[in-house]
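Enquirer: This is the structure I have questions about; it appears just below.
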Amino acid sequence: MAEPILSTAKIVMKFGGLVSVNKMDFDLYEHEIVGIIGPNGAGKTTFFNVLTGIYKPTSGTVCYHGMDITGKKLYEITALGFARTFQNIRLFPHMTVLETVMLGMHTRTKAGILDALLRTPRIRKTERELEAKALELLNLTGLDRYRYEYGTDLPYGMQRRLEIARAMASQPEILLLDEPAAGMNEQETADISFFIKKLRDIGYTIILIEHDMRLVMNICDRLYVLDHGSMIAQGRPEEISANPQVIEVYLGKEE
Ligand SMILES: Nc1ncnc2c1ncn2[C@@H]1O[C@H](COP(=O)(O)OP(=O)(O)OP(=O)(O)O)[C@@H](O)[C@H]1O
Ligand SMILES: [Mg+2]
């Protein structure tokens with residue numbers, strides 16, 4: 001089997017006396033959709049925060065393409081090829097869909113801050129190129145018809161999609177999606193499932209936190225199940241749905 005592109009060993013994240021993530025071993029292979037599931041407070045988002053450099057783990061290691069990236073900062077991790085969305089929508093007000101995506105691209109531009117202040121020919125060329133790329137991305141994500149609307153005015157499902165488009169704008173290898181279908185109706189959920197599968201098919205590798213079991217079982221290649229910070233099971237969706245420990249955790253708690 002190929003080597004994982006991302007791999008963690010015994011990640012522990014403590015906040016004071018609380019162990020939010022406990023000895024998490026996790027592997028991610030190229031072009032997979034891997035789901036992380038588990039009840040509220042299980043440590044899913046905390047694990048994302050460790051992977052993306054928001055938190056430095058208490059112990060354990062994170063390896064990306066064989067390189068130890070444990071404790072690297074958010075901007076370093078972004079530059080390496082990670083991008084995420086958040087559990088709660090975080091769109092900027094008064095910014096159009098096109099501007100939102102263009103802003104997401106700025107981590108990748110060569111022009112410096114001085115170019116931007118002086119509006120040099122270099123920055124004007126860069127802006128034109130950015131806009132063309134942003135439009136391409138909007139086409140791909142089905143957001144082009146909203147390009148001049150404020151992101152916060154979009155229908156709910158499209159706002160969530162815009163967050164994914166903004167993450168894609170930094171040209172990541174790995175997309176981390178924290179509950180992309182939260183609060184969606186059935187149609188929006190079906191649309192976003194289809195969309196996430198399409199992202200995998202065009203080459204992204206995806207880690208997905210999600211409570212919607214039907215979505216998870218439908219689109220994930222593999223799953224990790226967390227409970228109280230510890231991984232209690234991992235495997236293919238059909239293995240997970242037949243796992244007695246997983247069933248107990250889900251039946252024992254209202255989801
Ligand atoms: N910065 C922090 N300081 C203190 N405790 C934290 C911090 N971040 C997370 N926690 C705690 O860690 C535990 C795991 O939280 P986390 O947000 O990772 O859960 P989750 O699995 O994403 O849950 P949900 O499904 O509700 O989003 C919780 O008990 C939470 O209160
Ligand atoms: Mg969470």
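The values are calculated or read from the model by the stated rules, or taken from the named source; none is laboratory data. Predicted model only: the values in this text are computed from it and were never measured. In this analysis, Cβ positions are derived from the backbone assuming ideal geometry, glycine residues included, and neighbour counts consider all displayed protein chains. All accessible areas refer to the heavy atoms of the entire protein, side chains included, with ligands and DNA or RNA removed. Shrake-Rupley method; radii C 1.70, N 1.55, O 1.52, S 1.80 Å.
Enquirer: Translational diffusion coefficient, Stokes-Einstein: compute it for the chain using the Kirkwood radius over C-alpha pairs as Rh, at 4 °C and 1.567 mPa s, and state it as an integer in µm² s⁻¹.
Expert: Details: Rh = 19.2 Å.
It diffuses with D of about 68 µm²/s by this estimate.
Enquirer: Moving on to the next point. Remind me, relative contact order of the range 1-101 in percent, using alpha carbon pairs under 8 angstrom and six or more residues apart? Spell out each step's value before the answer.
Expert: Details: 136 pairs, mean separation 26.3, N = 101.
The value is 26 percent.
Enquirer: Please work out how much accessible surface Asp68 shows to a 1.4 Å probe, ignoring ligands, DNA and RNA, in Å² rounded to 10.
Expert: Its accessible surface works out to 90 Å², give or take rounding.
Enquirer: Over the C-alpha atoms of the range 1-153, what are the Rg and the largest Cα-to-Cα span, Dmax, in Å?
Expert: 18.8, 55
Enquirer: Mind checking which lysines have their C-alpha under 26 Å from Lys56, skipping anything on the same chain fewer than 8 residues away?
Expert: Lys10, Lys14, Lys23, Lys44, Lys72, Lys73
Enquirer: Dipole size in debye (nearest 20) for the chain around its Cα centre, Lys and Arg Cβ +1, Asp and Glu Cβ -1? Working shown, then result.
Expert: Values: 29 positive and 33 negative charges, 214 e Å.
Roughly 1020 debye for the chain.
Enquirer: State the answer as a single residue: which of Ser20, Pro39, Ala79 lies farthest towards the positive end of the charge dipole of the chain, with beta carbon charges of +1 for Lys and Arg and -1 for Asp and Glu, about the Cα centre.
Expert: Farthest towards the positive end: Ala79.
Enquirer: Checking the a/c ratio against 1.5 first, then a/b against b/c, what shape does the Cα gyration tensor give for the range 156-255? Don't skip to the end; give the middle numbers.
Expert: Details: a/c = 2.05, a/b = 1.62, b/c = 1.27.
Prolate shape, in that a/c is at least 1.5 and a/b is the bigger ratio.
Enquirer: By per-residue mean of other Cβ atoms within 10 Å, what is the highest-first order of 14-23, 37-46, 133-142? List each step's numbers first, then the result.
Expert: On the way: 14-23: 14.3, 37-46: 20.9, 133-142: 16.8.
Output ranking for 14-23, 37-46, 133-142: 37-46, 133-142, 14-23.
Enquirer: Further question: Which order do His106, His65 take when ranked by solvent-accessible area (1.4 Å probe, heavy atoms of all protein chains), largest first?
Expert: Numbers: His106 75, His65 105 Å².
Sorted descending by solvent-accessible area, the residues read His65, His106.
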